[in-house]
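The values are calculated or read from the model by the stated rules, or taken from the named source; none is laboratory data. This structure is a prediction, so every number in the text was calculated from the model and none was measured. Note: ideal-geometry Cβ built from the backbone for every residue, glycine included; neighbour counts use all protein chains shown.
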């Protein structure tokens, strides 16, 4: 099993003041896979993302990424540098900086302050930025401050920044919250496009969106995995129905 | 574009103004209406030192979001380093005519120069220490504070505590820095008598040059990729972590640079005002310096210089007319600026002036148009 998996959460437990946000959660992600994670509020979806990205340290359990790195020993920047990108629910871009500078800072490369003091944009960086600006349809806005962009454009810019990071694994938190049906569909297309070259974990509430993605689904409940499988199997699972509809 | 123009204007004002004043002092007769009296020269020299301090504060507050309420400590430490050199220059001209020991040490009965006074008979050593001592203190402070993710008001409070603690320490006679009297009665710097007017003109011009150099340096830092990361850290620190940046190391570098710039400001200040004592560490001084930056416009560099000079000019005029009113005036000024001019005086300029950069249209950018037609040709 080891070597073939990209991400392996092994019995991860996180408790906040006695409340177990994650309870011996185990989860395996194959390289190139896209996985949807669903679950009711408080099921531990966001805590799981926090553990993977190093924001929260688990009480017990390991997070194995790639060959042999245990992510629980690393902090956020170290994990980001290993190629794990995270998209937050609300678009978070650097508002006073231009679109170009936002992408520039995200671009994979040396993160040392001493390097940044002397860094000049290289031709290959310039080419990569042009490519990204085209992908996210912001070529004409490259010199505008990100603060001037519309909500949708900010979402695209943040996705551009994630692509600039060139991650192997992308964690996406509720990407379609507050989106219209058309935008939801477009986002599903975009994620599928990204998934061609990278692994993706999507946390989502919206069942229609998860169905549109058409990928393996993991249902979390009270901090551990309740069910796993295709969306059809999940929706017929009596335990899932109980959690979502029962009581 | 505008930032570049602003830099040139600021540099021109500082250097041109300093040279003009020097000329008006040296080349005109004292009776002439155009004559710049000596007290004006030393006042301007003092303002320029404050402007260096303001620049240092703007670098950390304006660009990295670190609201320092203790930067006066770095300024005062730089001042003490220079004061120690100036004390050693007095030599046998002191009251006790001791060739090595400063008067205050003889007075408290010391008969040997403490080890930490060694080397201060050399000018270069004192200048190096004026940067190194604030630098080392800032590094130690920043290392612990930024690594343990202390930020916001908590960080401001401990910077305030830092300068207050130093003030109490420097008040003690057995620290060997002159206790509450500090150091004064300086005679000469590098052989130039401090009471000669050409010396004060020279010091004022050097201060203007150092201020310009500090301005160019901070401008280059904030305009680089480093400066953009700082702005990102200032506004959305957690996001920079998920991009793989370590905000604490960026803060540490800028904090260190800022402390050293403040130290140089202090070193230039002491020979021009002729005294350094522990009251320079008073928390109120540091807070006043933050107000200069707020008035001028935080995060603009030029605004820090402008604010420091204008507020201190107002202080000089007001304290000579109505001394007891000053504290109320600066308090009111701070409240008014915070409420009505959140971007300071520089904010007035940028909101009143029309935008310099015109909206780019596809036709105006031939490169993109050409790329588009090329792309459609290939596709076709």
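General remarks:
- Taken over segment A:207-229, residues that are surrounded by 19 or more Cβ atoms within 10 Å (Cβ to Cβ), at pLDDT below 90 and under 28 Å from residue A:19 (Cα atoms) amount to 0.
- Just one of the listed residues (A:101, A:50) is under 19 Å from the mean Cα position of the chain (by Cα) and part of a helix (DSSP H, G or I), namely A:50.
- Within segment A:163-185, the residues that satisfy the criterion of being at pLDDT 90 or above and in a loop (DSSP other than H, G, I, E, B) are A:166, A:167, A:168.
- Among the residues of segment B:22-44, those that are surrounded by 13 or more Cβ atoms within 10 Å (Cβ to Cβ) and more than 14 Å from residue B:209 (Cα to Cα) comprise B:23, B:24, B:25, B:26, B:28, B:35, B:36, B:38, B:40, B:41, B:42, B:43.
- Restricting attention to segment A:53-98, the residues that are in a strand (DSSP E or B) and touching a residue at least 24 places away in the same chain (Cβ under 8 Å) total 11.
- Residue check for residue B:364: modelled with pLDDT under 50 and either under 23 Å from residue B:265 (Cα atoms) or surrounded by 12 or more Cβ atoms within 10 Å (Cβ to Cβ) (or both): no
- Residue A:83 fulfils the conditions (1) surrounded by fewer than 20 Cβ atoms within 10 Å (Cβ to Cβ); (2) at the interface with chain B (Cβ under 9 Å from one of its Cβ atoms); (3) within 18 Å of the chain's Cα centre (by Cα) except for a single criterion, (2).
- Among the residues of segment A:61-80, those that are within 8 Å of chain B (Cβ to nearest Cβ) and either more than 17 Å from the chain's Cα centre (by Cα) or surrounded by 17 or more Cβ atoms within 10 Å (Cβ to Cβ) (or both) comprise A:76, A:77, A:80.
- Pick from segment A:106-129, criterion in a loop (DSSP other than H, G, I, E, B) and free of Cβ contacts under 8 Å to residues at least 12 places away in the same chain, ranking: nearest to residue B:249 (Cα to Cα): A:112
- Residue A:139 passes every criterion in (1) at the interface with another protein chain (Cβ under 9 Å from one of its Cβ atoms); (2) touching a strand residue (DSSP E or B) at 6+ places or on another chain (Cβ under 6 Å) apart from (2).
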